[in-house]
Amino acid sequence: MLVVMKAQATPEQIQAVCERIEQLGFRAHPLPGAERTAIGVTGNKGEVERGNLEALSGVAEVIRVTKAYKLARRDVKEEDTIIHFPGTDATIGGRNLAIVAGPCSIETREQAFAIAEKVAAAGAQFFRGGAFKPRTSPYAFQGLGLEGLRIMAEIREAFGLRIVTEAIDNESLELVEKWADVIQIGARNMQNFSLLKRAGKTRKPVLIKRGMSATLDEFLMAAEYVMSEGNYQVALCERGVRTFADHTRNTLDLSIVPAVQRLSHLPILVDPSHGTGKRNKVVPMARAAVAVGADGVMVEVHHQPELALSDGPQSIYPEQFVEMMDEIEQIARVVHRNVPRGIRIEAVAAAGEV
Ligand code: PEP
Ligand code: MN
């Protein structure tokens, strides 16, 4: 159910409708738009009596939403969702592309700082790096844990980069929620419903990576899980799916970008690193991602990829990252987007970091 408020509805009227919904035993999700506020109604107690809400002041209409995902849908909120990071110029969604770059894993303080300095200087606004790694082998490097989060917090201070890092379970989420700016839910956890619900209870933006065999509906339902708990700051990330193709690690499904944008107001990034698994294919596919209309890219960058403890073969060198930024900056213009690197470089230079 969706309650559409009149354009001139007051905050008090919106509040009163939300309270009424909650009294009826449902959950109210106010979704402000440019013209008017819509209030999503969720809860598993069955149908809401429409008349109960239609009569309230400020209500324009009450619509039944029969589709499975209700809050992530574009017809519930027409405007694109833009996630802001107070005190910075970084955004996810909107005209400016979000550029997330960094190593697969945080390995040492020196490694993380060496890479952060390069990606900040090239214009990234977000630094990625795993402190908790979901590895196929239990004997592979599992990440530095809390120590990795502390290193990333230092990087935020030093370079002004916002921190994106993965939570692999409820315990790590507890820590990631405290230390990071964006909580990443990895491909292997896209249908870990208890983790998604727990992420929905935080007030930090959540970046959900597409499961390696997830359909569009399943992908959007993962977002719905987070939003149903009251956290509407959700972004998606295409990172390749499993196919018979063996020239790449995964097949980067770029057509999901316009498909998501048609159905949902949520931003969608593309990760060409996991999406191809091969260094020489990362920059070309990053260019394609921007051309197709992605809201940003996430790439793995390493200054010594041959020594990396995870995903070295798909990590690009800092010089390649600069090249990628130069190229996507030009492509972005063609699709009426912008790579806001100038602002960031000035900010970093002003802070005396470069
Ligand atoms: C990652 O971003 O480091 C990662 C593990 O990605 P994915 O969940 O897409 O495999
Ligand atoms: Mn990786």
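What the Cα convex hull of the range 9-121 gives, in volume per residue, is 180 Å³. An oblate overall shape is assigned to the range 58-146, the ratio a/c of its alpha-carbon gyration tensor axes (a ≥ b ≥ c) being 1.5 or greater and a/b not exceeding b/c. Per q in 0.20, 0.22, 0.32 Å⁻¹, report the Debye log10 I(q)/I(0) for the range 280-322, using one uniform scatterer on each alpha carbon and no solvent. Those come out to -0.62, -0.72, -1.12, one per q. For the peptides 155-162, 101-108, 184-191, 329-336, the ranking by mean Cβ contacts within 10 Å, running from highest to lowest, is 101-108, 184-191, 155-162, 329-336. With the simple spin-label model, which puts each label point 7 Å out from Cα in the Cβ direction, the residue 66 to residue 146 separation comes to 5.2 nm. Taking amide H atoms as placed 1.01 Å from N in the peptide plane, the amide H of residue 236 lies under 5 Å from those of 208, 268, 269, each 5 or more residues away in sequence or on another chain. For the chain, a crude dipole built from +1 on the beta carbon of Lys and Arg and -1 on the beta carbon of Asp and Glu, taken about the Cα centre, is about 640 debye to the nearest 20. In the chain, one over the average inverse separation of all distinct C-alpha pairs is 20.8 Å, which is the Kirkwood hydrodynamic radius. Across the range 217-230, coupling constants 3J(HN,Hα) worked out from phi with the 6.51/-1.76/1.60 Karplus curve, θ = phi - 60°, read 5, 5, 4, 5, 5, 5, 5, 4, 4, 5, 5, 5, 8, x Hz, and Gly and Pro carry x. Can you give me the long-range amide H partners of residue 168? Hydrogens built in the peptide plane at 1.01 Å from N, cutoff under 5 Å, separation of 5 or more residues or another chain. It is 173, by chain and number.
Kirkwood hydrodynamic radius of the range 127-179 from all distinct Cα pairs, in Å? Provide the component values of the computation, followed by the final result.
Numbers: mean 1/r = 0.0881 Å⁻¹.
One decimal place: 11.4 Å for the Kirkwood radius.
Between 93, 155, 123, the Cα set farthest toward the positive side of the dipole of the range 56-193 (charges on each charged residue's Cβ, about the Cα centre) is that of 93. Take the residue pairs 77/133; 118/278; 178/201; 133/278; 70/209 and return only those whose Cα atoms are more than 23 Å apart. Flagged as over cut-off: 77/133. Taking 0.36 nm per residue of sequence separation and removing the Cα-Cα distance, the residue 197/residue 47 pair yields an extension gain of 51.8 nm. Taking 0.36 nm per residue of sequence separation and removing the Cα-Cα distance, the residue 35/residue 243 pair yields an extension gain of 70.6 nm.
If you wrap the range 240-305 in the convex hull of its Cα atoms and look at it from every side, the mean projected area works out to 4.7 nm².
Rounded to the nearest 500, the helix-only mean residue ellipticity at 222 nm of the chain stands at -11000 deg cm²/dmol, with each DSSP H run of n ≥ 4 adding -39,500 (n - 2.57). For the range 205-354, the square roots a ≥ b ≥ c of the C-alpha gyration tensor eigenvalues yield an a/c of 1.5 or more together with a/b not exceeding b/c, which makes the shape oblate. Modelled label positions at residue 54 and residue 15, each set 7 Å beyond Cα in the direction of Cβ, lie 2.8 nm from each other.
Phi-derived couplings, Karplus 6.51 cos²θ - 1.76 cosθ + 1.60 at θ = phi - 60°, listed residue by residue for the range 144-150: 8, x, 3, 4, x, 5, 5 Hz, with x used for Gly and Pro.
Both radii are taken from the alpha-carbon atoms of the range 145-268; with Rh as the Kirkwood radius, Rg/Rh is 0.99.
In order along the range 194-205, the phi-based Karplus estimate (6.51 cos²θ - 1.76 cosθ + 1.60, θ = phi - 60°) of 3J(HN,Hα) comes to 5, 5, 4, 5, 5, 5, x, 8, 7, 10, 9, x Hz; Gly and Pro are listed as x.
Throughout, read-outs are computed from the coordinates displayed, never taken from laboratory work. Bear in mind the structure is a predicted one, so any value in this text is a computation, not a measurement. Cβ atoms come from the backbone with ideal geometry, glycine included; neighbour counts cover every protein chain shown.
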